[in-house]
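What follows is a single structure, written as structure tokens, with notes after it.
Nothing in this text is a laboratory measurement; each read-out follows from the coordinates by a stated rule. Please read all numbers here as calculations on a predicted model, not as lab measurements. Cβ coordinates were reconstructed from backbone atoms using ideal geometry, including for glycine residues, and neighbour counts include every protein chain displayed.
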Amino acid sequence: SAVISQKPSRDICQRGTSLTIQCQVDSQVTMMFWYRQQPGQSLTLIATANQGSEATYESGFVIDKFPISRPNLTFSTLTVSNMSPEDSSIYLCSVDDSKETQYFGPGTRLLVL
Amino acid sequence: QQQVKQSPQSLIVQKGGISIINCAYENTAFDYFPWYQQFPGKGPALLIAIRPDVSEKKEGRFTISFNKSAKQFSLHIMDSQPGDSATYFCAASMSSGGSNYKLTFGKGTLLTVNP
């Protein structure tokens, strides 16, 4: 199974600032995903990130707010821009190993003051 | 529109008992149904998954039952243990090019197993 790490594990940020979250996988994967999990809630897909192409965003999420990079097959970043307290959430990356399984990273816990 | 409905929201079971969590879906194009287990402070971990060509799949104490005509599937945890206390999410997705993607999650069930 894929092993996924995320940095930072948690952060406290001021409103109006931006935070970039890194996701590193121990093997090459085609598809990477970014999810948001608000406190006590379920997971909502933000976007799908494929290497060599622009990310595909779900309804309600836009590139200006959540720019994503996917420079290679083992790494991706998600930036949360111009943050507000409503952005306080857990941000999770996941990968599809092409064997019917999505593996999740440990998450980045973000608190915006 | 919530495409995957999960119940109950919370569940308390005694040690050794059976925990049952139910999910219903609306999109008949879904063809992959995983269950994830999430402990506090951790990311979700795949527990067990099923495709609609079988009605039941068992792995250890965990069993998925699937009813295609009713568009429902459920997770049964036999001999529940305090270590099973976690939040459980059902999910659904459609296959594309041999790999699954864009999981749609239920709202989760907080399971507490009392010793």
Review point. Can you list the residues, at least 5 places off or on another chain, whose amide H is less than 5 Å from the amide H of A:VAL112, using H built in the peptide plane?
Key: A:CYS13, A:SER88
**Study point:** Those residues of the stretch A:52-84 whose amide nitrogen sits under 20 Å from the label point placed on A:ARG10, 7 Å along Cα→Cβ
**Key:** A:80, A:84
Point to revise | Linear extension gain, B:ILE12 paired with B:GLU56, 0.36 nm per residue minus alpha-carbon span | key: 13.4 nm
Revision key, fill the gap. Most fluctuating of B:PHE66, B:PHE39, B:PHE89 in the GNM of chain B (C-alpha, under 10 Å) is B:PHE39
Check your understanding: Any idea what diffusion coefficient chain B gets from Stokes-Einstein, in µm²/s, Kirkwood Rh on alpha carbon pairs, 37 °C, 0.692 mPa s?
Key -> 231 µm²/s
Exercise for review: Among the trypsin sites (Lys or Arg not before Pro) in the stretch A:1-76, which ones are in a DSSP loop with at most 13 other Cβ atoms within 10 Å of the Cβ? Mind listing them?
Suggested key: A:ARG15
Practice item. Under a cut-off of 18 Å between alpha-carbon atoms, report the lysines in cross-link reach of B:LYS102, not counting same-chain residues fewer than 8 places apart. Key: A:LYS99, B:LYS5
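Determine, for the stretch B:7-72, the count of lysine pairs separated by eight or more sequence positions (or lying on different chains) whose alpha-carbon distance falls under 22 Å.
Values: B:LYS15/B:LYS58; B:LYS57/B:LYS68; B:LYS57/B:LYS71; B:LYS58/B:LYS68; B:LYS58/B:LYS71.
The result is 5.
Where in the stretch B:1-101 are there GluC sites (Glu not before Pro) that are in a DSSP coil and have at most 16 other Cβ atoms within 10 angstrom of their Cβ? All intermediate terms of the calculation are to be shown ahead of the outcome.
On the way: sites: B:GLU26, B:GLU56, B:GLU59; in loops: B:GLU26.
Counting only loop positions with at most 16 other Cβ atoms within 10 Å, the GluC sites (Glu not before Pro) in the stretch B:1-101 are B:GLU26.
Which three numbers, in whole Å and largest first, are the semi-axes of the equivalent ellipsoid of the protein assembly as shown derived from its Cα gyration tensor as √(5λ)?
30, 21, 16
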Practice item. Using θ = phi - 60° and the Karplus relation 6.51 cos²θ - 1.76 cosθ + 1.60, list the HN-Hα couplings for the stretch A:33-46 in order, rounded to whole Hz, with x at every Gly or Pro. Key: 10, 10, 10, 10, 10, 6, x, x, 10, 7, 9, 10, 6, 8
Check your understanding: What list of ³J(HN,Hα) values in whole Hz, one per residue of the stretch B:53-66 in order, does the Karplus curve 6.51 cos²θ - 1.76 cosθ + 1.60 (θ = phi - 60°) give from phi, with Gly and Pro shown as x?
Key -> 7, 10, 9, 7, 9, 10, 9, x, 7, 9, 9, 9, 10, 10
Point to revise | Rough spin-label spacing in nm, given labels placed 7 Å along Cα→Cβ, for B:ASN114 and B:ASN67 | key: 2.9 nm
Revision key, fill the gap. Computed ³J(HN,Hα) along the stretch A:74-89: with the Karplus parameters 6.51/-1.76/1.60, θ = phi - 60°, integer Hz and x for glycine or proline, the list is 10, 8, 8, 10, 10, 9, 9, 9, 6, 5, 10, x, 5, 7, 4, 6
Exercise for review: With a ≥ b ≥ c taken as the square roots of the eigenvalues of the C-alpha gyration tensor of the stretch B:61-115, please select rounded if a/c is under 1.5 and otherwise prolate if a/b is larger than b/c or oblate if it is not?
Suggested key: prolate
Practice item. Evaluate E = 1/(1 + (r/R0)^6) for B:GLN81 and A:GLN41, where r is the Cβ-Cβ distance and R0 equals 25 Å; express this FRET efficiency to the nearest 0.05. Key: 0.45
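Percentage of Cα-Cα pair distances in chain A greater than 19 Å, rounded to whole percent? Please list the in-between numbers first.
Working: 2483 of 6328 pairs.
When all Cα pairs of chain A are counted, 39 percent exceed 19 Å.
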